[in-house]
1. From (1) surrounded by fewer than 21 Cβ atoms within 10 Å (Cβ to Cβ); (2) modelled with pLDDT of 95 or more; (3) touching a helix residue (DSSP H, G or I) at 6+ places or on another chain (Cβ under 9 Å); (4) not basic (Lys, Arg), pick out the condition that doesn't hold for THR451.
2. Kindly list the number of the only condition in (1) modelled with pLDDT of 95 or more; (2) more than 24 Å from the chain's Cα centre (by Cα) that fails for GLU477.
3. Could you tell me which numbered condition GLY166 fails, if it satisfies all but one of (1) over 25 Å from HIS314 (Cβ atoms); (2) free of Cβ contacts under 8 Å to residues at least 60 places away in the same chain; (3) not charged (D, E, K, R)?
4. From LYS156, LYS234, grab the single residue that is free of Cβ contacts under 8 Å to residues at least 12 places away in the same chain, in a helix (DSSP H, G or I) and closer than 30 Å to LYS87 by Cα.
5. Take the range 156-214 and flag every residue that is in contact with a Gly (Cβ under 7 Å, 6 or more places away or on another chain) and among the basic types (Lys, Arg).
6. Which one of the conditions (1) modelled with pLDDT under 95; (2) at positive phi does GLY351 fail to meet, given that it meets all the rest?
7. Would you confirm whether or not the range 458-466 contains a residue that is modelled with pLDDT of 95 or more and of a type in the set (Val, Ile, Thr)?
8. For the range 179-216, which positions are polar (S, T, N, Q), over 30 Å from LEU57 (Cα atoms) and more than 20 Å from the chain's Cα centre (by Cα)?
Amino acid sequence: MKNQRNCTAWNWTAVIRVFRIPLALASLCLVSLAVASHLRAQQQEIGKRKDLGEFNLTLVGDNNIVTLATARQNNPKFMAAVTELRKGDAIFNNLETTFPEPDDYPGGAPRSENIFSDPSLLKELQWIGFNLYGTANNHALDYGIPGLLHTIQTLKQGGAVYAGTGVDLGHARAAGYLSTPHGRVGLVACASTFPQDSPAGQARPDIRGRPGLNPLRYDTRYRVSAADFEALKKLNDNLKMMATPGGTAANPTLTFVFPPSGPSGNYGTYATFEESEKPGVYTTPDRNDVAGLTHSIENARYFSDYVVASIHAHEGIPGQAAGQVEIPAQFVEAYAHAAIDAGADVFVGSGPHVLRGIEIYKGKVIFYSLGNFITENWLVDPEAITMYDRYNLGLDELAAAPHNARSDYGRKDEPSWPLYWQSAIAHVVFRDGRPAEVKLTPITLGYGYRTSDRGWPEIAEGSEATQILEHLQKLSEPYGTKIAISNGVGTITLPR
């Protein structure tokens, strides 16, 4: 069954193209996939599906909260966003913060930020309406393992349904389940962007697993021409860099490690170069991680009426401008398809802090990124010493100093990127247990305002609403997705 599951998890057209699998082997795997699907169809649970009526799933991107939501109740545009959000039976967000205790230590390098929120702010998020939380992201261990465990404790004590982190890999990969009047929702969450110390470890019979997040690792290959590959071989020989050869006779590879490994072991960064007639940078998801993730999705499919798979992925196609990584990396698209094939109804991305395109795949919905909903990381106070060290600031500097150094007082980085402060609330309407319609309500988060006044959603209006939706139209065009715009709302109608 494990081999059958691995076959199911892949978009085989893409795999055959990328890895040049011999036709006979590819045909054998496709036959195995067909047999596996037939067997699974025969083994479906006996019983009639209960009529759950119409089900509404609301989704947004990243939440990083520092101040009170309830203090903004006199802002009609914010309350309009809250009202829109609360239309969902299940309301998803990526919780890009931690709830550490005062005695928890901030994590060190390579982190430059250590994001945290007061644990009481979970109630503020619940007041807004959120009842489904993805917790796998690059800030999950900003306050180390104790901070992660205290975050999990806060969520559990608050009755919040979450997925993506846990006391070991098994718990981090497990789905979280939310029961609603219109059906049960299963959530499987992972991250591809994280510091090296963040992934959870698998428990063994003789030793505990390591607390952490549910990872999706990926392989990056730099495809170069034959002449460039020869130059790399000479460079390796001349500098004695001890690159590892691999690949095939038709497509040889060289894998470099920076810095080169020493007697104490290899903790460097890998870079694999492959000789190819089509130069470029290509990424593929880790097979083992995809197998583990799709296994969790298949399990959630059995235990729930609707399944959501989420990923926190900063990674985009190389060559995009900083802060505008609007096209997801190839491995993200491959995993999204694998998640749908395994049983997910909706796939939702976060991480790049900008909108990405929407794809309708096999009648299911893929949001490659829904940008931000609450973004107050610029109000984190105090910051850990790593943030001060990054900008060569002394201990006597104000807590605002590293934030101002990072953005040059708002002239660069996130405060200067208009797209960072535009997003959308997505509603997926299910009828007869399947996605039937997607509604997109554009929001703005206060671009150009002072730090203390920005970062909270308001319903976009007029030309700004149209501009956000037209931009989302353009991002979705490569996937063949049609978004109709009317009265400041975008609509996708799924074929029945």
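1. (2)
2. For GLU477, the failing item is (2).
3. The number of the failed condition is (1).
4. Being free of Cβ contacts under 8 Å to residues at least 12 places away in the same chain, in a helix (DSSP H, G or I) and closer than 30 Å to LYS87 by Cα holds for just one of LYS156, LYS234, which is LYS156.
5. If the condition is that a residue be in contact with a Gly (Cβ under 7 Å, 6 or more places away or on another chain) and among the basic types (Lys, Arg), then ARG173, ARG210 are the ones that fit.
6. (1)
7. Yes, there is a match, as at least one residue in the range 458-466 is modelled with pLDDT of 95 or more and of a type in the set (Val, Ile, Thr).
8. If the condition is that a residue be polar (S, T, N, Q), over 30 Å from LEU57 (Cα atoms) and more than 20 Å from the chain's Cα centre (by Cα), then GLN202 is the only one that fits.
The values are calculated or read from the model by the stated rules, or taken from the named source; none is laboratory data. What you see is a predicted model; the values in this text were computed from it and never measured. A quick note on method: Cβ atoms are made from the backbone with ideal geometry, for glycine too, and the neighbour counts reach across all protein chains shown.
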